[in-house]
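What follows is a structure written as structure tokens; I'll ask about it next.
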Amino acid sequence: MGVSKDVIKQCLISKQREVDEAVLVNRPTDFEENGNYVIVGVRHAGKSYLLYQRVRQLQAAGKGWDEILFVDFEDERLAEFQPEDFNSLLEAHLELYGKKPVVFLDEVQNIPYWDKFVRRLADAKYRVYVTGSNAKMLSKEVATTLGGRFFIYDAYPYSFKEYLAAQQVELREHWEYDTIQRSEVKRHLNEYFYYGGLPEILSFKNKRAMLSSLYQKIYLGDICARNNIKNDRVLNILIKKMAESVKQPLSYNRLKNVIVATGSPISVPTTIDYADYAADSWLILPMENEIGKLTEKETQKKYYFVDNGLLNLFLMNSETSLLENMVAVELCRRYGKKNVFYLNAEKEIDFIVPDEKLAIQVSYSIKDETTYNREVSPLVKYAKAHEDWKCLLITYDEEDTEKEISVVPVWKWLMQTTENINLINGHDYI
């Protein structure tokens, strides 16, 4: 059936107005001037606004809408869009402006053969920016098609620093020693801790209802519908078990047994598929054991949630799990999810970042001496064997620089300067 060029032109023009009128919180970015990008991440992580921000950067450098083509594939007017309509995008823009544009394709993952189109654009020396909410956009087949022409940018919900900026919190130099400003940061941390950093969350009073609605979209749309899952109850049980066990390694066999115990027969291969689907949707971030054997790396993973607000939908008495999840997401944001591991040898260390020579243990509180000794013992042992590594114990709100391992409150650690580090260390070129 397809879409007419007149409809495409209407979509282009209306999107221009939307981008021009958008209120943006600038996020740290370091796009290569001559690079092409595929931006992926969970729904509502701010991928579209990253494109808006890039458009504004191009406009500041002198480009107008006559040199920018922006298409949102979630526009209902494009519901009948077919692969053969891709070329109509270029024709419509050419008819309007007569110039070769920088091309922005937002949420393009549902259009078949999108990768072949953007490969053709790259071959023709167009600059191209693509977003999608499914990691399958980066499958081997797609990577082969794109053929070394695109950077991959992982879009996460707001970091805590971005969250404060969105809340218009302005911090003076040495703010951490200012009682009023430190209290303000901690107050915002409490909300960020329980409700997460999805940009849209800031505009809702009933944040839990918004998060529940978003989870249903991810669960039913990005996972069940996209992968043709008939028994969504089984998937829901699997995700709940991942949430309840967020701090512990889970084997596929263990997940299967939990589901079977609820009266739903399922095989290990299907369990693996369902876990992969949840990861493809960016709902969860699987993490491997750094020194495990190949089979253990593949079958004994930790599963963190991409946002604390989504994880908190499933938990009661959640503080310990939420703190570890918050640290996990921040490490993945800073260093790239492929570069962050847990360590399970004689004793477990929560996080290892080998490329940064960084080891981190997480404990909500260490006021209890038994808790402190349990948490710090494996880290001390590791530090002695790796003298050039930085080893930290992160708490919710306790600090001690006099102990054998530095103890840092999470609010202070989150505020450390890390601009653009994820763009340098966390992303691939395909």
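The values are calculated or read from the model by the stated rules, or taken from the named source; none is laboratory data. These figures come from a predicted structure and were not determined experimentally. Here the Cβ is made from the backbone with ideal geometry for all residues, glycine too, and neighbour counts use every protein chain on show. Heads up: the accessible areas ignore ligands, DNA and RNA and are worked out on the full protein's heavy atoms, side chains in. Shrake-Rupley method; radii C 1.70, N 1.55, O 1.52, S 1.80 Å.
State whether one or more residues within segment 334-351 are touching a residue at least 40 places away in the same chain (Cβ under 8 Å), in a helix (DSSP H, G or I) and open to solvent by less than 10 Å² (accessible area, probe 1.4 Å).
Within segment 334-351 (the criterion being touching a residue at least 40 places away in the same chain (Cβ under 8 Å), in a helix (DSSP H, G or I) and open to solvent by less than 10 Å² (accessible area, probe 1.4 Å)), the answer is yes, since at least one residue qualifies.
Can you name every one of the helices (runs of 4 or more DSSP H) wholly within segment 219-300 that holds 1 or more residues which are at pLDDT 90 or above and open to solvent by less than 50 Å² (accessible area, probe 1.4 Å)? Can you show your working first?
On the way: elements: 232-244, 252-261, 268-280, 294-299.
It comes to 232-244, 252-261, 268-280.
Please verify whether segment 153-165 includes one or more residues that are closer than 30 Å to residue 409 by Cβ and surrounded by fewer than 17 Cβ atoms within 10 Å (Cβ to Cβ).
Yes: one or more hits.
If residue 55 meets every condition in (1) at pLDDT below 95; (2) open to solvent by less than 30 Å² (accessible area, probe 1.4 Å) apart from one, which number is that one?
All conditions are met except number (1).
Test residue 215 against the criterion of being more than 18 Å from residue 196 (Cβ to Cβ) and among the aromatic types (Phe, Trp, Tyr), and give yes or no. I'd like the intermediate steps shown before the answer.
Details: more than 18 Å from residue 196 (Cβ to Cβ): no; among the aromatic types (Phe, Trp, Tyr): yes.
Here the answer is no, as residue 215 does not meet what is asked.
Does residue 26 meet the test of being open to solvent by 40 Å² or more (accessible area, probe 1.4 Å) and on the phi < 0 side of the Ramachandran plot?
The answer is yes for residue 26.
Output the residues belonging to segment 368-405 that are of a type in the set (S, T, N, Q) and under 28 Å from the mean Cα position of the chain (by Cα).
Listed by number, the list holds a single entry, 395.
For segment 155-201, enumerate the residues that are under 25 Å from residue 336 (Cβ atoms) and of a type in the set (Gly, Ala, Ser).
Those that are under 25 Å from residue 336 (Cβ atoms) and of a type in the set (Gly, Ala, Ser): 155, 159, 165, 166, 196, 197.
Here's another thing I want to ask about it. Go through 191, 200 for me and flag whichever is within 30 Å of residue 416 (Cα to Cα), in contact with a His (Cβ under 6 Å, 6 or more places away or on another chain) and either in a helix (DSSP H, G or I) or in contact (Cβ under 8 Å) with a residue 40 or more places away in the chain (or both). Walk me through it before giving the result.
Numbers: 191 fails: in contact with a His (Cβ under 6 Å, 6 or more places away or on another chain).
That would be 200, the only listed residue that is within 30 Å of residue 416 (Cα to Cα), in contact with a His (Cβ under 6 Å, 6 or more places away or on another chain) and either in a helix (DSSP H, G or I) or in contact (Cβ under 8 Å) with a residue 40 or more places away in the chain (or both).
Exactly one condition in (1) open to solvent by 10 Å² or more (accessible area, probe 1.4 Å); (2) within 23 Å of the chain's Cα centre (by Cα); (3) among the hydroxyl-bearing types (Ser, Thr, Tyr) is false for residue 365; which is it?
Checking residue 365 against (1) open to solvent by 10 Å² or more (accessible area, probe 1.4 Å); (2) within 23 Å of the chain's Cα centre (by Cα); (3) among the hydroxyl-bearing types (Ser, Thr, Tyr), the one that fails is (2).
Return yes when residue 319 is closer than 15 Å to residue 398 by Cα, of a type outside the set (A, V, I, L, M, F, W, C) and open to solvent by 10 Å² or more (accessible area, probe 1.4 Å) and no when it is not.
Yes, satisfied.
Give me the residue from segment 197-209 that is among the hydrophobic types (A, V, I, L, M, F, W, C) and in contact with a helix residue (DSSP H, G or I) (Cβ under 6 Å, 6 or more places away or on another chain) and, out of that set, least open to solvent (accessible area, probe 1.4 Å).
Of everything passing the filter in segment 197-209, 201 is least open to solvent (accessible area, probe 1.4 Å).
Right, another one. Output the residue which, of all residues in segment 138-170 that are out of contact with any Gly (no Cβ under 7 Å at 6 or more places or on another chain), of a type in the set (A, V, I, L, M, F, W, C) and at pLDDT below 90, is farthest from residue 115 (Cα to Cα).
Of everything passing the filter in segment 138-170, 152 is farthest from residue 115 (Cα to Cα).
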